[in-house]
Each structure stands twice: as structure tokens, then as C-alpha cells.
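Have a look at the structure below, then the notes.
Nothing in this text is a laboratory measurement; each read-out follows from the coordinates by a stated rule. Note that the structure is a prediction, hence the values are computed from the model and not measured. Cβ atoms come from the backbone with ideal geometry, glycine included; neighbour counts cover every protein chain shown.
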Amino acid sequence: MTSKHLPFALCLSALFAFTVSVNAQSTTSRVEPLSVIDWLSPTLIAPSVTPNATNRDVTSSATPHAVKTTSLDQQTADAVGLLPSSVTGFPLSLWGQSSSVDLARLIVAIPVETLPVLQELTMSLLLAELDPTFDATNKDVLFQTRIDKLLDIGALEQAAALLDRANVRTPALFSRSFDIALLTENEDAACDALNQAADLAPTITARVFCLARTGDWNAAALIFETGVALGYVSPEEGDVLARFLDPEFADVAPPLPLSVRPSPLMFRLYAAIGEPIPTTLLPRAFAHTDLTANNGWRARLEAAERLVHSGAVSDNVLLALYTDRTPAASGGVWDRVEAVQRFDTAVKSRDPGAVSSSLPLVWDALKAVQLEGFLAHQYATDLAKFPLSGDTAALVLRLSLLSDDYESAAQTAVAENRITSKEEAFLVSLAQGKPELNGLSDSRAIAIHDGFLRSTPFSPDDVEVSGGNLGSAILRAITLFAEGARGDLNNVTRAIAILRSVGLEDIARRASLELMLLERA
């Protein structure tokens, strides 16, 4: 592929236009945003806000921030959400007088790998429709951080829907829309948007990719050669783009080295030249490319497991894949498929004996990949109807306490006198909101018990709650609980006190039950 076939005037015009675009980008101040996703495609030069480096997680005074005013006609994406208050239960004023930068920092701090109910709470906060912060501007600091956390979780569909609803044209947000489209195999939509966004200054790699996708190979080659001549194409990009534009060269060129941290655009280019990069070691957002029907069953299964584990996709997606067909091999994911299918058949056939024999096996199989919550959500209600006993009945109780109906399951266990240990007695009392140790010496149980004893949060958390900054208090509680689950149990006590003080009693109970039952390290 070469530009020599293009008329000289067209070449000169394209060269001039591209050079102006590149020069404009090179003079743009590039300050990294608060939430940096290191695998985003460098499709655009994104202006951003420099966060205050001072640690502002702890409020030094109960005095509210000075109120800033914003013009009513000034648009801000920070108020955009997918879930109304009637669904989330959050008041519209959840952010109180917390600044957008402080809230963004708290969102960045939340770990993705945490307890399932904390993942659900995080997702609700990220997607909630709330009043903007007092300092909200059209720089949309909080909104961009919410999008980046969704990308980190792997929740691409939710992030795309949020971006569509915001309908804000900034380089930073457009770049994220572009990458989401690439990872969900909507390249045509991404390129259509890019071709209509000349004001957002696309870089050479994105421009070459999209021109080629629309069949304008000559223009793509011209811009590629121009970019190489001007030094705006990295060696890795040059190697990939040369193969992408010239299939004959790709046939004789040596294989490219494996790219360890490709951007979505480079990931798609590698796939386009016949050298796809495995997603197993890439950020979880890339797993979406394995979910499509044109991939093998194993790749789709492993991608679904990974995304369900982070709370990015529904349990139903994984169940449909687990029960899709009979596995033709054994080991790894195939053993999980077989265990789920055998158990699913036992439940549907209403055979107590088959359920009793298959339940421990499927529990162990899914516990190995931390998907016990999937099992509880899908089957706990049905399992409660089976006349089981012994260890199997105890396992059913554990699953029931991990389900949405944990409180009624606890009440039934007490009414039927099915409590057989101090731990079960504690769990049942916890599910009813009044944890009682009764001699249990488990350090986790003690931390949980202490959290439920408190009527107010610890200082300085009580300053945030009493000052009406409920959102920042909740965000901090999520991280505290996650940190506590890893070892610092004082943080568990502190987090429970916060959650209960802001009216999230259900979350406090469920997170505590998961801490006891899921045994996350």
C-alpha cells in the first residue's frame, strides 16, 4: 500500500491538514487526570484537571465548604446517571458539600476485587442519578472518574450507556467511548464517531485505522507515511500499521513480539493482522472481546467468569454458558461446567438425593474461582424447598445467608431448630441485625459484633455523616470494609458503623455475612 497513486495536490492537502492537527496536539498541555487508566488508546490528547496532592480524606472541620455558584445554562455531566433515586434509594443530595475532586479520589481508592455486595453498592453509586457537587463544572471531573471506575470493573455496557446519556463532547470522554466501541466489536460505530469529530483531534493511529475500515486505503497509507516521516508514530505502532495496511508485507514479515499492555486500538490492530493477543493477562475490560458468539466456548466461559466475579455482567450470562452444551474435555473450567450441569439437573428434577451428592461438588468447584455468590443467587431459593440434612443442610444454610432472602432464611433456621454450631448461631443472629457472639472467638465475628454495637460512627467519620456528606462517607466505608476483609479488622468495625448510620443496614448485614462465609483473603 502506498500513496504514490494519489494526485499530488491531494497528497499536499492531506499532508498539510494532518501536520496542522498534529502540531495542535503537540502544543496541548497534557496533564494526567485524577483517575488514569493506563491501557486507554492514545487516540486523543485529553485536557484534564490536576488534583490537589494534599490528602483530603479526613475533614479537619465540620464547617461546610463555601458554596460556589454555577450558571444554570452551564452543562455538567456530573449529574448524569442511569438509576433514579427511586431505584437506588439514595437522596439526590447524596454528595452534600463534598468536592468533586475529593469524591473522585475516594472512587479511585475503591478496590475492584472485594465482596460482592460492596461491588453492587459501588455500581449503584457509579450509576446513580444525583445532584451535581457544589463545585461541578464542565470539566466533569467526577463523571470521568465514574466512567474510569466502570472501565476498571469491566462494566463496558454501563459505561457506554452513561456516556451516551451525558452526550458531552470532550476529548477525554470521546476517547473512552472510542475504546469501549473497540472492545465491544463496534469498530464501525467508533470510526463513524471519529470521522465526525475532527474538532477532537484524532491521532494518527486512530485515523489510519478508521480510514482503512471505511475503505480509504490510499488516504490511510498517506497519513501513515506522513506520521512516520514526522516522528509521530512509535516503532510498535509502525510495525503493526505497516502489516495492517499491506497484507503482502504481513505475509513475509516476522511475527511481532507479544504486546504486554496494549491499548484497545492496538489490541484490535493485532487481531486484524492475524496475531490476536490473549486476554487472560490483560485488564478485565478486554474480556468482553471473548464474550461474542464468534469465539470458542471455553474463551466465552472464562471471560464470563471473570466479568461476573467483578460484578460487570449478570449471573444469567454465566449460567447460560455453563449449561449451553456438554463439555468435551476435563480439567479447569470444564470441571466447573460439569459440576454446574450435574447440580442444575438435580435441582430441576427435584431429586433430593442427587442434590445432596452434587451440591458439595459444585460448591467446591465454584469456590475455587470465588463464584459462590453466583451459586447462591441462582439456586438458594430452590434449595430451601428440599428436605436435606447433615452437612448438605448446613451448606444450604450458608447459601441462603448469601442470598437476598438471608433474613427470612435465618428466621426459618431458628424456627426449625436447625442451628448446630456457635458459628451458625452467630450468622443467624447477624442476619437478623443483632449479632450475638455466645462464646464465639472468631476475630471477624468480634469485629462485626463491635460494629453493630455502635450507635454512631467513629471520629472523623461522624463529621462527614452529621455534615450531610453521605456519599463520601459511603465511599470511604466501602474501601474500609474491603481493607478490613484483607486483615485490618478495625476497619470492618468502622465501616459497619458508617453504613448503619447512613441507613444502609441491609448492606452492613450482607457484607458482614459475606466476610464470614466467603473467606476472602
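How high is the relative contact order of region 362-487? Use alpha-carbon pairs under 8 Å, at least six apart in sequence, and give a whole percent. Before the final figure, lay out each step's value.
On the way: 80 pairs, mean separation 15.8, N = 126.
Rounded, it is 13 percent for region 362-487.
Computed from these coordinates, which is Rg/Rh (Cα atoms, Kirkwood Rh): [x] 1.03; [y] 1.23; [z] 0.95?
For Rg/Rh (Cα atoms, Kirkwood Rh), the calculated option is [x].
Among the lysines in the chain, how many pairs, 8 or more places apart or on different chains, have alpha carbons under 25 Å apart?
Numbers: LYS68/LYS139; LYS139/LYS149; LYS348/LYS367; LYS348/LYS385; LYS367/LYS385; LYS367/LYS422; LYS385/LYS422; LYS422/LYS434.
The result is 8.
As a check on your grasp of the helix formula, calculate [θ] at 222 nm for the chain: sum -39500 (n - 2.57) over DSSP H runs of n ≥ 4, divide by the residue count, round to the nearest 500.
Taking each H run of at least 4 residues, the total per residue is -17500 deg cm²/dmol.
How far apart, in nanometres, would the label points at GLN432 and ALA328 be if each is projected 7 angstrom from Cα along the Cα-to-Cβ direction?
With each label point 7 Å from Cα toward Cβ, the separation is 5.4 nm.
Remind me, relative contact order of the chain in percent, using alpha carbon pairs under 8 angstrom and six or more residues apart?
Here the relative contact order equals 16 percent.
Dipole size in debye (nearest 20) for region 427-488 around its Cα centre, Lys and Arg Cβ +1, Asp and Glu Cβ -1? Display every interim value, and only then the final one.
Details: 5 positive and 8 negative charges, 27 e Å.
It works out to roughly 120 debye.
Using Cα-Cα distances under 8 Å and only pairs 6 or more residues apart, what relative contact order does region 289-382 have, in percent?
21
Determine, for TRP95, TRP39, the number of other Cβ atoms within 10 Å of each Cβ, and report the residues in order from fewest to most.
Values: TRP95 28, TRP39 17.
By the 10 Å Cβ count, ascending: TRP39, TRP95.
With N residues in region 289-382, what two-decimal value do you get for its Cα radius of gyration over 2.2 N^0.38 Å?
Numbers: Rg = 12.8 Å, N = 94, 2.2 N^0.38 = 12.4 Å.
Its radius of gyration relative to the 2.2 N^0.38 Å reference: 1.03.
Any chance you could run the full-extension gain for ASP131 through ALA197? It's 0.36 nm times the residue separation minus the Cα-Cα distance, nm to one decimal.
So the chain would gain 20.8 nm between ASP131 and ALA197.
Counting Lys and Arg as +1 and Asp and Glu as -1, what is the net charge of the other residues whose Cβ lies under 9 Å from the Cβ of GLN378?
-3
Picking from LEU156, VAL396, ILE107, whose Cα lies most toward the positive end of the charge dipole for the chain (charges on Cβ: Lys, Arg +1; Asp, Glu -1)?
ILE107
Within 10 Å of each residue's Cβ, count the other Cβ atoms and sort LYS434, LYS139, LYS149, LYS422 from fewest upward.
LYS434, LYS422, LYS139, LYS149
Calculate, for VAL414 and SER443, the FRET efficiency according to 1/(1 + (r/R0)^6) with r their C-beta to C-beta distance and R0 30 Å; round to the nearest 0.05.
That gives a FRET efficiency of 0.75.
Taking neighbour Cβ counts within 10 Å as the exposure measure, how do MET266, MET123 sort from fewest upward?
The most exposed by this proxy come first: MET123, MET266.
To the nearest 0.05, how large is the calculated FRET efficiency for ASP335 and ASN490 if R₀ is 60 Å and r is the Cβ-Cβ distance?
0.95
Which Cα, out of ALA242, ILE180, ALA508, lies furthest along the positive dipole direction of the chain (beta carbon charges, K/R +1, D/E -1)?
In the chain, that residue is ALA508.
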